[in-house]
Amino acid sequence: MTTPTSVMQGRLFIISAPSGAGKTSLVKYLVANMRALSVSISHTTRPMRPGEVNGQDYFFVSNEMFSAMLGQGAFLEYAKVYDNCYGTARQHVEDLLNTGQDVILEIDWQGAAQIKTLLPDSVAIFIFPPSIEILQKRLFDRGQDSAAVIDRRMRDAITEMRHYREFDYLIVNDDFQLAFFEIQSIITAYRLQREPQQHKLQPLLDNLFV
């Protein structure tokens, strides 16, 4: 009789992209269609948008609460983006990884750099739009921001995209389904590495080599 093995710790995947490149839709689709994959929910001080749910899309907190958490060292990474603060709670990520779940962090390049410094084994994926023109159209089609805000997002997108060399994998989100399959392939390839597979297949290996 084989003794049950302990749970293998999950792997951390970072997904970054300029606003409007489609990373949020891709992340939601990945989590819905892949087993043992969770998305880490970030804390933010920005206002809740129509259709968003607290504790599902973000943990929406006040500036005072965010500052208190920052002072307590509660964040793995944090950044100020478009005058709002965003942070990834350390305990939330560690709890998910310790259950054997792979975890996706949907964060910007600044947060990705912080995570890669702390956790060099994490896998960083950058998503490009197919063109500047399409990125701008996507932002306008949202109908959520003024022309001035969109202009600023476009300038910031250029800055964000210049950091692509800091990432392990590059994806172009021109065809949504193709982009999904490409990211899924990256995650699957890591799951099939010898160490996680050996852990998962230990009962079979014990039986094969009796």
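Number of residues in the stretch 113-158 that are hydroxyl-bearing (S, T, Y) and closer than 26 Å to Y190 by Cα equals 2. When Q184, Q177 are checked against the criterion of being under 16 Å from the mean Cα position of the chain (by Cα) and either exposed (fewer than 13 other Cβ atoms within 10 Å of the Cβ) or closer than 30 Å to M8 by Cα (or both), a single residue qualifies: Q184. The condition (being touching a strand residue (DSSP E or B) at 6+ places or on another chain (Cβ under 8 Å), of a type in the set (D, E) and surrounded by 13 or more Cβ atoms within 10 Å (Cβ to Cβ)) is satisfied by just one residue among D108, D145: D108.
If a residue has to be of a type outside the set (D, E, K, R) and assigned to a loop (DSSP other than H, G, I, E, B) to count, how many in the stretch 95-134 make the cut?
Taking the stretch 95-134 first, the residues of a type outside the set (D, E, K, R) are 96-101, 103-105, 107, 109-115, 117-120, 122-132, 134.
Now narrow it down to the ones that are assigned to a loop (DSSP other than H, G, I, E, B): 99-101, 107, 119-120, 122, 129-131.
Residues flagged as of a type outside the set (D, E, K, R) and assigned to a loop (DSSP other than H, G, I, E, B) within the stretch 95-134 amount to 10.
Among the residues of the stretch 14-25, those identified as within 13 Å of I104 (Cβ to Cβ) and either assigned to a strand (DSSP E or B) or touching a helix residue (DSSP H, G or I) at 6+ places or on another chain (Cβ under 6 Å) (or both) are I14, I15, S16, A17. For the stretch 28-42, taking the residues that are among the aliphatic types (A, V, I, L, M) and assigned to a strand (DSSP E or B), the one that is nearest to E106 (Cα to Cα) is identified as V39.
Restricting the first member to the stretch 138-152 and to residues that are closer than 13 Å to G20 by Cα, and the second to residues that are assigned to a loop (DSSP other than H, G, I, E, B) and modelled with pLDDT under 85, the beta-carbon pairs closer than 7 Å and six or more apart or on different chains are L139/D145. Once the stretch 13-24 is narrowed to residues that are at pLDDT 95 or above and out of contact with any Leu (no Cβ under 6 Å at 6 or more places or on another chain), the residue that is nearest to S131 (Cα to Cα) is A17. Scanning the stretch 60-83 for residues being in contact with a strand residue (DSSP E or B) (Cβ under 6 Å, 6 or more places away or on another chain), under 23 Å from D156 (Cβ atoms) and either in a strand (DSSP E or B) or among the small types (G, A, S) (or both) gives a total of 6.
The residue that is nearest to I187 (Cα to Cα), among those in the stretch 70-90 that are surrounded by fewer than 17 Cβ atoms within 10 Å (Cβ to Cβ) and modelled with pLDDT of 90 or more, is R90.
Those residues that are modelled with pLDDT of 90 or more and of a type outside the set (F, W, Y), I need them from the stretch 57-69; list them, please.
Taking the stretch 57-69 first, the residues modelled with pLDDT of 90 or more are 58-69.
If the condition is that a residue be modelled with pLDDT of 90 or more and of a type outside the set (F, W, Y), then V61, S62, N63, E64, M65, S67, A68, M69 are the ones that fit.
The values are calculated or read from the model by the stated rules, or taken from the named source; none is laboratory data. Quantities reported herein were computed from a predicted structural model and do not represent experimental measurements. Positions of Cβ are generated from backbone atoms using ideal geometry, with glycine treated the same way; all protein chains shown enter the neighbour counts.
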